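Inspection log for the structure reproduced underneath, given as structure tokens.
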Amino acid sequence: SSVLHPELSSNWAGALLKGTFTNVSATITVPNPTLPAGAQGSESHAASAWVGIDGDTCDTAILQTGIDFTVDADGSVSYDAWFEWFPQFAFDFTGIDFSAGDSVALSVQSSNTTSGTATIINLTTGQLVTQDIASTKPLCQQDAEWIVEDFEDNGAAVPFADFGTVTFDNALAQTPSGSMGPSKANLIVIEQGGQTLTNAAVGTSSVTVRY
């Protein structure tokens, strides 16, 4: 696995590959998020796991799809599947459900720089959702990502859930000349308030993010 010095981010943890990409995919096992040690009060905590194209080198657009996981103050857990062509808002998929331990395939495909498709398949239940998306904000197709995010809600980062470990298995990025795994990707870890909240590692076909 990679021992490169990771980039620090306030909200992204995982791996980012540079190149020319038309498709990014991976399979994750749905985690069972818990409240982090020292969590106070009635706030819910959340995190999101997603695959995407662009958003780093090319920060004007991102095509991404993933799953949010939320744990309420009473410990109850919920999941939402979504797709987004940033800077447009994210939209939730309907017709797909998740439980901790489910195996879920995530993929985004850009047909060209202004249109693409997001697909999520719950391999455990057989449910599949897919959405064609068009945008006036073109992709550069320069970044491929496998990320766990402390996402924003109403302009502020949500309290970050302890998601345990999320591994993006079968992680692939499609280039004009074939597919690539994440072994040469840059690592990113989340640092907030001077504290590193995650670590990340890559193998030949996997990206592992730990809380």
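We did not get these values from a lab; they are worked out from the coordinates using the rules stated. Here the structure is a predicted model, which means the values were calculated and not measured. Cβ sites come from the backbone with ideal geometry, for glycine too, and all protein chains shown count toward neighbours.
For this structure, a couple of remarks:
- Residues of segment 99-138 with an amide N closer than 15 Å to a point placed 7 Å from the Cα of T165 along the Cα-to-Cβ direction: 101.
- Distance between the 7 Å Cα→Cβ label points at S111 and K137: 2.1 nm.
- Computed log10 I(q)/I(0) for the chain at 0.14, 0.17 Å⁻¹: -0.77, -1.17, from the Debye equation with unit scatterers placed on every C-alpha and solvent omitted.
- If R0 is taken as 30 Å, the Cβ-Cβ distance between S76 and L8 corresponds to a FRET efficiency of 0.40.
- Cα-Cα separations in segment 1-70 greater than 19 Å, expressed as whole percent: 50 percent
- Note on the chain: GNM, Cα springs under 10 Å; of A46, A156, A73, the largest mean-square fluctuation is that of A156.
- Sorting V148, V30 from the fewest to the most surrounding beta carbons within 10 angstrom yields V30, V148.
- Across T57, T27, T114, mean-square fluctuation computed from a Gaussian network of the chain (C-alpha pairs under 10 Å connected) peaks at T57.
- If the segment from N199 to L128 were pulled out straight at 0.36 nm per residue, it would be longer than the present Cα-Cα gap by 22.5 nm.
- For segment 48-152, the set of chymotrypsin sites (Phe, Trp or Tyr not before Pro) satisfying both a DSSP loop assignment and a count of at most 16 other C-beta atoms within 10 Å is given as F89.
- With a cut-off of 12 Å on the backbone N, the residues of segment 21-63 near the modelled label site 7 Å out from T175 along Cα-Cβ are 21-22.
- Beta bridges per DSSP, both residues in the chain: antiparallel share near 95 percent.
- Taking the fewest neighbouring Cβ atoms within 10 Å as the starting point, the ordered list for D54, D102, D72, D92 is D92, D72, D102, D54.
- Between T34 and D59, the C-beta separation translates, for a Förster distance of 30 Å, into a calculated FRET efficiency of about 0.40.
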